[in-house]
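> My structure is below; once you've seen it, I'll send some questions.
The values are calculated or read from the model by the stated rules, or taken from the named source; none is laboratory data. Predicted, not measured: the structure shown is a model, and the values here were computed from it. Heads up: the accessible areas ignore ligands, DNA and RNA and are worked out on the full protein's heavy atoms, side chains in. Shrake-Rupley method; radii C 1.70, N 1.55, O 1.52, S 1.80 Å.
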Amino acid sequence: MDALDRVVKPKTKRAKRFLEKREPKLNENTKNAMLIKGGNANLTVSEVLKDIYAVKKPFAVLYKRKNVTRPFEDQTSLEFFSKKSDCSLFLFGSHNKKRPNNLIIGRMFDYHVLDMIELGIEKFVSLKDIKNSKCPEGTKPMLIFAGDVFDVNEEYRRLKSLLIDFFRGPTVPSIRLAGLEYVLHFTAVDGKIYMRSYKVLLKKSGCKIPRIELEEMGPSLDLVMRRTHLASDDLYKLSLKQPKGLKPKKKKNISHDVFGTTYGRIHMQKQDLSKLQTRKMKGLKKRPAEKSAEDGGTAPKKSKSA
(Lines give C-alpha, C1' and ligand atoms only; values in the text may rest on other atoms or scores of the structure.)
Protein backbone atom coordinates (compact mmCIF):
# COMPACT_ATOMS: atom_id res chain seq x y z
CA MET A 1 0.00 0.00 0.00
CA ASP A 2 1.24 3.47 -0.86
CA ALA A 3 2.20 5.68 2.08
CA LEU A 4 -0.19 8.40 0.88
CA ASP A 5 -3.13 6.00 0.39
CA ARG A 6 -3.35 4.59 3.91
CA VAL A 7 -5.75 6.02 6.50
CA VAL A 8 -3.93 8.49 8.75
CA LYS A 9 -5.35 9.31 12.16
CA PRO A 10 -4.30 12.75 13.42
CA LYS A 11 -2.41 12.87 16.71
CA THR A 12 -2.49 16.64 17.20
CA LYS A 13 -5.06 19.38 16.64
CA ARG A 14 -2.87 20.92 13.97
CA ALA A 15 -2.78 17.64 12.03
CA LYS A 16 -6.55 17.33 12.43
CA ARG A 17 -7.09 20.80 10.93
CA PHE A 18 -4.71 19.94 8.09
CA LEU A 19 -6.64 16.77 7.22
CA GLU A 20 -10.00 18.58 7.48
CA LYS A 21 -8.85 21.08 4.84
CA ARG A 22 -8.25 18.20 2.43
CA GLU A 23 -11.57 16.51 3.01
CA PRO A 24 -14.21 16.71 0.25
CA LYS A 25 -16.48 19.77 0.59
CA LEU A 26 -19.58 21.06 -1.12
CA ASN A 27 -17.74 24.27 -1.97
CA GLU A 28 -14.19 23.24 -2.79
CA ASN A 29 -11.12 25.30 -2.05
CA THR A 30 -9.41 27.36 -4.74
CA LYS A 31 -7.50 25.06 -7.08
CA ASN A 32 -3.74 25.11 -6.59
CA ALA A 33 -1.23 24.56 -9.37
CA MET A 34 2.19 22.92 -9.21
CA LEU A 35 4.95 24.04 -11.58
CA ILE A 36 7.59 21.38 -12.23
CA LYS A 37 10.87 21.54 -14.15
CA GLY A 38 11.90 18.53 -16.18
CA GLY A 39 15.32 16.94 -15.99
CA ASN A 40 16.60 18.85 -19.02
CA ALA A 41 14.79 22.18 -18.67
CA ASN A 42 16.73 25.12 -20.12
CA LEU A 43 16.83 28.77 -19.07
CA THR A 44 13.84 29.80 -21.21
CA VAL A 45 11.55 27.14 -19.72
CA SER A 46 12.73 28.00 -16.19
CA GLU A 47 11.96 31.70 -16.73
CA VAL A 48 8.50 30.87 -18.10
CA LEU A 49 7.71 28.75 -15.03
CA LYS A 50 8.89 31.56 -12.72
CA ASP A 51 6.72 34.14 -14.48
CA ILE A 52 3.64 31.89 -14.46
CA TYR A 53 4.30 31.27 -10.77
CA ALA A 54 4.40 35.05 -10.17
CA VAL A 55 1.03 35.36 -11.95
CA LYS A 56 -0.54 32.45 -10.03
CA LYS A 57 0.69 33.27 -6.52
CA PRO A 58 -0.42 32.48 -3.83
CA PHE A 59 -2.31 29.53 -5.39
CA ALA A 60 0.77 27.81 -6.82
CA VAL A 61 3.73 25.66 -5.78
CA LEU A 62 7.03 25.97 -7.67
CA TYR A 63 9.38 22.97 -7.51
CA LYS A 64 12.94 24.27 -7.83
CA ARG A 65 14.61 20.89 -8.29
CA LYS A 66 14.56 19.13 -11.65
CA ASN A 67 12.42 15.99 -11.92
CA VAL A 68 13.21 13.42 -14.59
CA THR A 69 9.77 12.32 -15.81
CA ARG A 70 7.78 12.08 -19.04
CA PRO A 71 4.09 12.84 -18.39
CA PHE A 72 2.83 11.38 -21.69
CA GLU A 73 4.52 8.05 -20.95
CA ASP A 74 4.40 7.76 -17.15
CA GLN A 75 2.03 9.81 -14.98
CA THR A 76 2.72 8.23 -11.58
CA SER A 77 5.18 10.93 -10.48
CA LEU A 78 2.71 13.71 -11.34
CA GLU A 79 -0.05 11.95 -9.42
CA PHE A 80 2.31 11.52 -6.45
CA PHE A 81 3.22 15.22 -6.39
CA SER A 82 -0.45 16.14 -6.82
CA LYS A 83 -1.48 14.16 -3.76
CA LYS A 84 1.51 15.36 -1.74
CA SER A 85 0.98 19.08 -2.41
CA ASP A 86 -2.84 18.93 -2.81
CA CYS A 87 -2.71 20.46 -6.31
CA SER A 88 -5.24 19.67 -9.02
CA LEU A 89 -3.47 21.67 -11.78
CA PHE A 90 0.06 21.30 -13.11
CA LEU A 91 2.47 22.90 -15.57
CA PHE A 92 5.50 20.83 -16.60
CA GLY A 93 8.42 22.37 -18.48
CA SER A 94 11.07 20.48 -20.44
CA HIS A 95 13.49 20.88 -23.36
CA ASN A 96 15.00 18.45 -25.83
CA LYS A 97 16.09 18.30 -29.47
CA LYS A 98 12.82 16.80 -30.71
CA ARG A 99 10.53 19.14 -28.72
CA PRO A 100 12.41 22.32 -27.73
CA ASN A 101 11.01 24.73 -25.13
CA ASN A 102 8.16 22.43 -24.19
CA LEU A 103 5.27 23.07 -21.77
CA ILE A 104 2.64 20.54 -20.66
CA ILE A 105 -0.43 21.99 -18.97
CA GLY A 106 -2.99 19.68 -17.37
CA ARG A 107 -5.39 19.01 -14.53
CA MET A 108 -6.26 16.19 -12.17
CA PHE A 109 -9.46 14.47 -11.17
CA ASP A 110 -9.38 12.40 -7.98
CA TYR A 111 -5.54 12.68 -8.05
CA HIS A 112 -5.37 11.11 -11.53
CA VAL A 113 -4.53 12.93 -14.77
CA LEU A 114 -7.76 14.03 -16.45
CA ASP A 115 -6.38 15.76 -19.53
CA MET A 116 -3.17 17.49 -20.58
CA ILE A 117 -2.02 19.45 -23.62
CA GLU A 118 1.53 19.97 -24.84
CA LEU A 119 2.50 23.46 -26.02
CA GLY A 120 5.69 24.64 -27.68
CA ILE A 121 7.19 28.06 -26.88
CA GLU A 122 8.17 29.97 -30.02
CA LYS A 123 8.64 33.42 -28.49
CA PHE A 124 8.83 34.59 -24.87
CA VAL A 125 9.02 38.02 -23.23
CA SER A 126 9.38 37.88 -19.46
CA LEU A 127 8.09 40.18 -16.73
CA LYS A 128 11.59 41.62 -16.27
CA ASP A 129 11.91 42.69 -19.91
CA ILE A 130 8.81 44.94 -19.78
CA LYS A 131 9.61 47.90 -17.54
CA ASN A 132 6.13 48.80 -16.38
CA SER A 133 4.25 48.73 -13.10
CA LYS A 134 2.92 45.31 -12.13
CA CYS A 135 -0.33 44.17 -10.52
CA PRO A 136 -0.33 43.15 -6.85
CA GLU A 137 0.08 39.51 -5.92
CA GLY A 138 -3.13 37.48 -5.95
CA THR A 139 -5.03 39.79 -8.33
CA LYS A 140 -7.90 37.95 -10.02
CA PRO A 141 -7.50 38.28 -13.81
CA MET A 142 -10.12 38.92 -16.47
CA LEU A 143 -9.83 36.25 -19.18
CA ILE A 144 -10.49 37.07 -22.85
CA PHE A 145 -10.43 34.47 -25.65
CA ALA A 146 -10.34 35.58 -29.29
CA GLY A 147 -10.69 33.22 -32.24
CA ASP A 148 -13.45 31.01 -33.60
CA VAL A 149 -11.29 27.92 -33.26
CA PHE A 150 -11.82 28.00 -29.47
CA ASP A 151 -15.49 27.16 -30.12
CA VAL A 152 -15.16 24.92 -33.20
CA ASN A 153 -12.23 22.57 -32.58
CA GLU A 154 -12.58 20.05 -29.73
CA GLU A 155 -8.89 20.22 -28.74
CA TYR A 156 -8.94 24.03 -28.62
CA ARG A 157 -12.23 23.91 -26.71
CA ARG A 158 -10.59 21.73 -24.06
CA LEU A 159 -7.55 24.03 -24.03
CA LYS A 160 -9.83 27.00 -23.39
CA SER A 161 -11.49 25.15 -20.50
CA LEU A 162 -8.07 24.20 -19.14
CA LEU A 163 -6.75 27.77 -19.30
CA ILE A 164 -9.87 29.09 -17.56
CA ASP A 165 -9.39 26.46 -14.84
CA PHE A 166 -5.72 27.35 -14.49
CA PHE A 167 -5.93 31.16 -14.31
CA ARG A 168 -9.43 31.88 -12.94
CA GLY A 169 -8.36 32.29 -9.30
CA PRO A 170 -10.69 32.32 -6.30
CA THR A 171 -14.47 32.64 -6.50
CA VAL A 172 -15.56 36.05 -5.18
CA PRO A 173 -19.08 37.11 -4.10
CA SER A 174 -18.77 40.65 -5.50
CA ILE A 175 -16.35 42.84 -7.45
CA ARG A 176 -15.41 46.50 -7.47
CA LEU A 177 -14.35 48.62 -10.42
CA ALA A 178 -10.89 49.38 -9.06
CA GLY A 179 -10.24 45.65 -8.63
CA LEU A 180 -10.56 45.00 -12.38
CA GLU A 181 -6.94 45.79 -13.18
CA TYR A 182 -5.50 42.65 -14.76
CA VAL A 183 -6.32 41.14 -18.20
CA LEU A 184 -5.11 37.87 -19.72
CA HIS A 185 -5.77 37.74 -23.46
CA PHE A 186 -5.54 34.52 -25.50
CA THR A 187 -5.74 34.67 -29.30
CA ALA A 188 -5.84 31.57 -31.54
CA VAL A 189 -5.07 32.22 -35.21
CA ASP A 190 -3.17 30.33 -37.95
CA GLY A 191 -2.42 27.36 -35.68
CA LYS A 192 -0.77 29.50 -32.98
CA ILE A 193 -1.88 30.71 -29.55
CA TYR A 194 -0.80 34.17 -28.42
CA MET A 195 -0.90 34.89 -24.70
CA ARG A 196 -0.69 38.53 -23.63
CA SER A 197 -1.15 40.12 -20.21
CA TYR A 198 -2.17 43.73 -19.63
CA LYS A 199 -2.68 46.08 -16.74
CA VAL A 200 -5.90 48.12 -16.84
CA LEU A 201 -5.40 51.86 -16.34
CA LEU A 202 -8.42 53.97 -15.34
CA LYS A 203 -7.97 57.51 -16.72
CA LYS A 204 -10.07 60.63 -16.22
CA SER A 205 -12.74 61.07 -18.86
CA GLY A 206 -14.73 64.08 -17.63
CA CYS A 207 -17.72 61.93 -16.60
CA LYS A 208 -18.54 59.20 -14.09
CA ILE A 209 -17.32 56.37 -16.33
CA PRO A 210 -13.49 56.38 -16.53
CA ARG A 211 -11.54 56.03 -19.75
CA ILE A 212 -9.82 52.64 -19.97
CA GLU A 213 -6.34 52.01 -21.35
CA LEU A 214 -4.39 48.74 -21.52
CA GLU A 215 -0.68 48.67 -20.73
CA GLU A 216 1.30 45.52 -21.54
CA MET A 217 2.73 44.01 -18.40
CA GLY A 218 4.11 40.56 -19.27
CA PRO A 219 4.65 37.70 -19.53
CA SER A 220 4.10 37.39 -23.29
CA LEU A 221 4.08 33.96 -24.99
CA ASP A 222 3.69 32.71 -28.57
CA LEU A 223 2.65 29.05 -28.34
CA VAL A 224 1.92 26.22 -30.74
CA MET A 225 -0.08 23.09 -29.88
CA ARG A 226 1.72 19.75 -30.06
CA ARG A 227 0.46 16.53 -28.42
CA THR A 228 -2.80 16.14 -26.49
CA HIS A 229 -4.11 13.65 -23.95
CA LEU A 230 -7.85 14.27 -23.48
CA ALA A 231 -10.21 12.46 -21.15
CA SER A 232 -13.03 10.41 -22.60
CA ASP A 233 -16.49 11.95 -22.77
CA ASP A 234 -17.78 9.75 -19.92
CA LEU A 235 -14.88 10.60 -17.60
CA TYR A 236 -15.09 14.28 -18.50
CA LYS A 237 -18.82 14.28 -17.77
CA LEU A 238 -18.18 12.54 -14.44
CA SER A 239 -15.61 15.19 -13.46
CA LEU A 240 -18.21 17.93 -14.07
CA LYS A 241 -20.85 16.28 -11.90
CA GLN A 242 -21.98 18.41 -8.96
CA PRO A 243 -23.18 17.10 -5.59
CA LYS A 244 -26.89 17.26 -4.85
CA GLY A 245 -26.34 19.81 -2.09
CA LEU A 246 -25.14 22.41 -4.62
CA LYS A 247 -28.01 21.97 -7.04
CA PRO A 248 -30.71 24.63 -6.49
CA LYS A 249 -34.05 23.25 -5.37
CA LYS A 250 -36.74 23.69 -7.98
CA LYS A 251 -39.58 25.89 -6.78
CA LYS A 252 -43.02 25.01 -8.05
CA ASN A 253 -45.12 27.48 -10.04
CA ILE A 254 -42.22 29.96 -10.41
CA SER A 255 -40.61 30.78 -13.75
CA HIS A 256 -38.15 33.35 -15.11
CA ASP A 257 -37.92 35.03 -18.49
CA VAL A 258 -34.79 35.97 -20.44
CA PHE A 259 -34.57 39.32 -18.63
CA GLY A 260 -34.56 37.73 -15.17
CA THR A 261 -38.12 38.74 -14.24
CA THR A 262 -39.78 36.29 -11.85
CA TYR A 263 -43.30 35.10 -12.57
CA GLY A 264 -45.49 33.19 -10.11
CA ARG A 265 -48.61 31.12 -10.73
CA ILE A 266 -51.40 31.10 -8.13
CA HIS A 267 -54.01 28.34 -8.05
CA MET A 268 -57.48 29.51 -6.84
CA GLN A 269 -60.99 28.08 -6.73
CA LYS A 270 -63.52 29.09 -9.35
CA GLN A 271 -65.10 32.43 -8.44
CA ASP A 272 -68.75 33.46 -8.84
CA LEU A 273 -68.40 36.86 -10.46
CA SER A 274 -72.11 37.67 -9.94
CA LYS A 275 -71.45 37.98 -6.22
CA LEU A 276 -68.35 40.07 -6.71
CA GLN A 277 -68.51 43.24 -4.66
CA THR A 278 -67.79 46.26 -6.85
CA ARG A 279 -67.62 49.94 -6.14
CA LYS A 280 -71.06 51.51 -5.49
CA MET A 281 -71.91 54.52 -7.66
CA LYS A 282 -75.11 56.56 -7.84
CA GLY A 283 -75.08 56.46 -11.63
CA LEU A 284 -75.21 52.66 -11.55
CA LYS A 285 -77.93 52.45 -8.92
CA LYS A 286 -81.14 50.82 -10.18
CA ARG A 287 -84.35 52.81 -10.25
CA PRO A 288 -87.54 51.47 -8.60
CA ALA A 289 -89.11 50.76 -12.01
CA GLU A 290 -86.11 48.62 -13.01
CA LYS A 291 -86.29 46.70 -9.74
CA SER A 292 -90.02 45.99 -10.22
CA ALA A 293 -89.41 44.86 -13.81
CA GLU A 294 -86.84 42.35 -12.58
CA ASP A 295 -89.27 41.08 -9.92
CA GLY A 296 -91.97 40.60 -12.64
CA GLY A 297 -94.57 42.90 -11.18
CA THR A 298 -95.50 46.54 -10.74
CA ALA A 299 -94.72 48.26 -7.52
CA PRO A 300 -97.78 49.83 -5.76
CA LYS A 301 -97.93 53.53 -5.94
CA LYS A 302 -97.68 55.40 -2.73
CA SER A 303 -100.82 57.34 -1.85
CA LYS A 304 -100.42 60.98 -1.39
CA SER A 305 -101.41 62.13 2.03
CA ALA A 306 -103.69 65.09 2.27
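> Find how much the distance from Asn29 to Gln269 grows on full extension, using 0.36 nm per residue of separation minus their present alpha carbon separation; answer in nm with one decimal.
Length gained between Asn29 and Gln269: 81.4 nm.
> Here's a follow-up. Amide H to amide H, which residues 5 or more places from Val61 or on other chains are under 5 Å from it, using H placed in the peptide plane?
Answer set, sorted by chain and number: Ala33, Met34, Leu35.
> Once phi is turned into ³J(HN,Hα) by the Karplus curve 6.51 cos²θ - 1.76 cosθ + 1.60 with θ = phi - 60°, what whole-Hz value does each residue of the stretch 42-54 show in order, with x for glycine and proline?
Result, rounded to whole Hz: 8, 5, 4, 5, 5, 5, 4, 5, 5, 5, 5, 5, 5.
> Okay, next question. What per residue convex hull volume, in Å³, do the alpha-carbon atoms of the stretch 29-233 yield?
139 Å³
> Tally the DSSP beta bridges in the chain and give the antiparallel ones as a percent, rounded to 5.
Around 75 percent of the beta bridges assigned by DSSP in the chain are antiparallel ones.
> Here's something else I'd like to know. Kindly report the accessible area of the chain per residue (heavy atoms of protein chains, probe 1.4 Å, no ligands, DNA or RNA), in Å².
73 Å²
> Take the alpha carbon gyration tensor of the stretch 43-103, find the square roots of its eigenvalues, order them as a ≥ b ≥ c, and report rounded if a/c is under 1.5; if not, report prolate when a/b exceeds b/c, else oblate.
oblate
> Sticking with this one: Past 22 Å, Cα to Cα: identify those pairs from Lys160/Lys241; Lys9/Lys84; Lys11/Lys57, in the order given.
Lys11/Lys57, as the Cα separations exceed 22 Å there.
> Using just the helices of the chain, give the 222 nm mean residue ellipticity in deg cm²/dmol: DSSP H runs with n ≥ 4 each add -39,500 (n - 2.57), and the total is spread over all residues, rounded to 500.
-6500 deg cm²/dmol
> Residue-wise, which Karplus ³J(HN,Hα) couplings in Hz belong to the stretch 201-209, taking 6.51 cos²θ - 1.76 cosθ + 1.60, θ = phi - 60°, and x for glycine or proline?
Along the stretch 201-209, the couplings run 10, 9, 9, 6, 10, x, 9, 5, 7 Hz.
> Still on this structure: If I build a Gaussian network model for the chain, linking alpha-carbon pairs within less than 10 angstrom, which residue out of Asn67, Asn102, Asn27 has the largest mean-square fluctuation?
Most flexible of the set in this elastic network: Asn27.
> Between Lys250 and Asn153, 0.36 nm times their residue separation minus their Cα-Cα distance comes to what?
So the chain would gain 31.4 nm between Lys250 and Asn153.
> Hey, how many Å between the Cα centroid of the stretch 68-129 and the Cα centroid of the stretch 194-241?
19 Å
> Counting only residues 5 or more places away or on other chains, whose amide H sits under 5 Å from the amide H of Met142 once H atoms are built in the peptide plane?
For Met142, whose amide H was placed from the backbone, the distant partners under 5 Å are Tyr182, Val183, Leu184.
> Of the heavy-atom accessible surface of the stretch 29-233 (probe 1.4 angstrom), what whole percent is carbon and sulfur?
52 percent
> Taking amide H positions as placed in the peptide plane 1.01 Å from N, state which residues far from Gly218 in sequence (5 or more) or on other chains have amide H under 5 Å from it.
Ser197
> Under the definition of Cα pairs under 8 Å and six or more residues apart, what whole-number percent is the relative contact order of the chain?
Computed value for the chain: 15 percent relative contact order.
> Please calculate the 1.4 Å probe accessible area of Phe90, with all protein chains present, and give it to the nearest 10 Å².
Result for Phe90: roughly 0 Å² accessible.
> Using only the alpha-carbon atoms, how far is helix 76-85 inclined from the longest principal axis of the chain? Give it as 0 to 90 degrees, nearest 10.
Taking the Cα atoms of the chain, the angle to 76-85 is about 60 degrees.
> Something else: In vacuo Debye scattering of the stretch 130-278, one point per C-alpha: log10 I(q)/I(0) at q = 0.16 Å⁻¹?
These q points yield log10 I(q)/I(0) values of -1.14.
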